[in-house]
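**Q** Once you've had a glance at the structure underneath, I'll fire off some questions.
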Amino acid sequence: KVGYDVFSNRITIPQWDINGNLVGIMGRLNECNAEKDKRWLPIVSCQRSLTLYGYHFNYRDIQREQICFIGESEKFVMQLRSMDIKNSLAVCGCDISNTQARYLKALMCKKYILCFDEGLTEEQIIKQAKKLKIDTPLYTNEVGYIYDKDRELLPSGSKASPTDMGLDVFEQLIETKVKWI
């Protein structure tokens, strides 16, 4: 569903609510040397803190697998789908809003793994992971996060997503670099 807006020279990425209704369109400037704060601009504005990218596409797979990989960007979800992994969502940033946390917890997955980009501190990631933890007499989930402390797989300063290095590295990160809260 990625498109292109010739008037603004932007790659377009639709934004949907959890019911699959189109609520906005983000545009990524198609210039290599664009300033970071000018790369992404909404073509049709929406409150991204009220959405989870990939929700209506990946809902059934998330329910079947009972594990949800949560990344920062739409690219994370698209890259995993290209690797035939369809149980992921994106929060469109590195902060999980209260609404997003409610939607995620409502999935009632056994496991959630935050797969945020390189460059965040472990404390920042733990703060986000705690928003998804449920521990009640009726239901308990596991919440983990990828943290490559020694930068063995995600190079320091790269701002790389755990999916940027391909399927083999993503699987290694899941197998060896997940910490559970």
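The values are calculated or read from the model by the stated rules, or taken from the named source; none is laboratory data. Source: prediction; values computed, not measured. All Cβ positions, glycine included, derive from the backbone under ideal geometry; neighbour counts span all protein chains shown. The protein model used for the area step is the full one, side chains on, heavy atoms only, and it has no ligands, DNA or RNA in it. Shrake-Rupley method; radii C 1.70, N 1.55, O 1.52, S 1.80 Å.
**Q** Quick one: accessible area per residue over the chain, 1.4 Å probe, rounded to a whole number of Å²?
**A** Heavy-atom accessible area per residue stands at 54 Å².
**Q** Mind jotting down the distance between the C-alpha centroids of the range 50-80 and the range 83-115, whole Å?
**A** Comparing the Cα centres of the range 83-115 and the range 50-80, I get a distance of 7 Å.
**Q** Hey, can you rank 165-175, 69-79 by average C-beta count inside 10 Å, highest first?
**A** Result, highest mean first: 69-79, 165-175.
**Q** So, one more: Can you divide the C-alpha Rg of the range 26-78 by 2.2 N^0.38 Å and report the result to two decimal places?
**A** Normalised Cα radius of gyration, the range 26-78: 1.42.
**Q** Can I ask one more? Calculated FRET efficiency, Arg60 and Phe7, Cβ-Cβ r, R0 45 Å, to nearest 0.05?
**A** Efficiency at R0 = 45 Å is approximately 0.80.
**Q** Calculate for the chain the 222 nm mean residue ellipticity that helices alone would give, adding -39,500 (n - 2.57) per DSSP H run of length 4 or more and normalising by residue count, nearest 500 deg cm²/dmol.
**A** Taking each H run of at least 4 residues, the total per residue is -8000 deg cm²/dmol.
**Q** Could I ask something else about it? If I model a spin label as a point 7 Å beyond the Cα along the Cα-Cβ vector, how far apart are those points for Glu31 and Leu138 in nm?
**A** 5.4 nm
**Q** Cα convex hull of the range 20-119: how many Å³ per residue?
**A** Taking the convex hull of the Cα positions in the range 20-119, it is 117 Å³ per residue.
**Q** Right, next: Nothing charged except the Cβ atoms of Lys and Arg (+1) and of Asp and Glu (-1): what's the magnitude of the dipole of the chain about its Cα centre? Round to the nearest 20 debye.
**A** 560 debye
**Q** Another question, if that's okay. Taking N as the number of residues in the range 104-181, what is its alpha-carbon radius of gyration divided by 2.2 N^0.38 Å?
**A** Dividing the Cα Rg of the range 104-181 by 2.2 N^0.38 Å gives 1.14.
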